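The values are calculated or read from the model by the stated rules, or taken from the named source; none is laboratory data. Keep in mind the model is a prediction, meaning the values are calculated, not measured. Glycine gets a Cβ as well: all are built from the backbone with ideal geometry, and neighbour counts include every protein chain shown. Heads up: the accessible areas ignore ligands, DNA and RNA and are worked out on the full protein's heavy atoms, side chains in. Shrake-Rupley method; radii C 1.70, N 1.55, O 1.52, S 1.80 Å.
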Amino acid sequence: AKCQCKLPQRERKNCGYPGISAAECKKIGCCFNASMPGVPWCYTPKPKKVKKVCPNDPYARINCGYPGIQARECTRKGCCFRAHPAGVPWCFYHRVTEE
């Protein structure tokens with residue numbers, strides 16, 4: 001993603017080899033910007049920001065507990081708890097989404 005390549009020049013960590021082309025640099029998953037001499041042109045992107053969310057679709061839930069699990073025990077395991085609707089897991093895993 002473009003925003004992952006917006007790094008101050010002093011924070012750029014070399015990702016390629018001397019003389020690497022822009023296409024080759026991008027092919028290995030790195031950022032390329034040759035506008036400034038004296039800093040790496042092919043550099044490591046910032047890590048993606050992710051957040052955990054509880055899926056809204058009850059039918060997309062992946063079971064994290066067992067029948068009759070209590071909310072407190074479910075959240076202690078680090079999972080989501082919603083005691084509705086019937087027939088789907090009430091204790092279920094988060095989904096990780098990119099910000």
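Summary of values
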| item | result |
| --- | --- |
| In the range 50-63, residue modelled with the lowest pLDDT [restricted to those that are part of a loop (DSSP other than H, G, I, E, B) and surrounded by 11 or more Cβ atoms within 10 Å (Cβ to Cβ)] | P55 |
| Tabulated pairs, the range 10-28, first in the same structural domain as V39 (by the TED database) and within 14 Å of T44 (Cβ to Cβ), second of a type in the set (D, E) and surrounded by 10 or more Cβ atoms within 10 Å (Cβ to Cβ), C-beta under 6 angstrom, 6+ apart or interchain | none |
| Residue among F81, F92 that is free of Cβ contacts under 8 Å to residues at least 24 places away in the same chain, within 24 Å of the chain's Cα centre (by Cα) and open to solvent by less than 100 Å² (accessible area, probe 1.4 Å) | F81 |
| Only listed residue being part of a loop (DSSP other than H, G, I, E, B), loosely packed, with under 10 Cβ neighbours inside 10 Å, hydrophobic (A, V, I, L, M, F, W, C) and out of contact with any Leu (no Cβ under 9 Å at 6 or more places or on another chain), chosen from A86, A34, A23 | A86 |
| Enumeration of residues in the range 37-49 that are over 20 Å from E99 (Cα atoms) and open to solvent by less than 80 Å² (accessible area, probe 1.4 Å) | V39, P40, C42, Y43 |
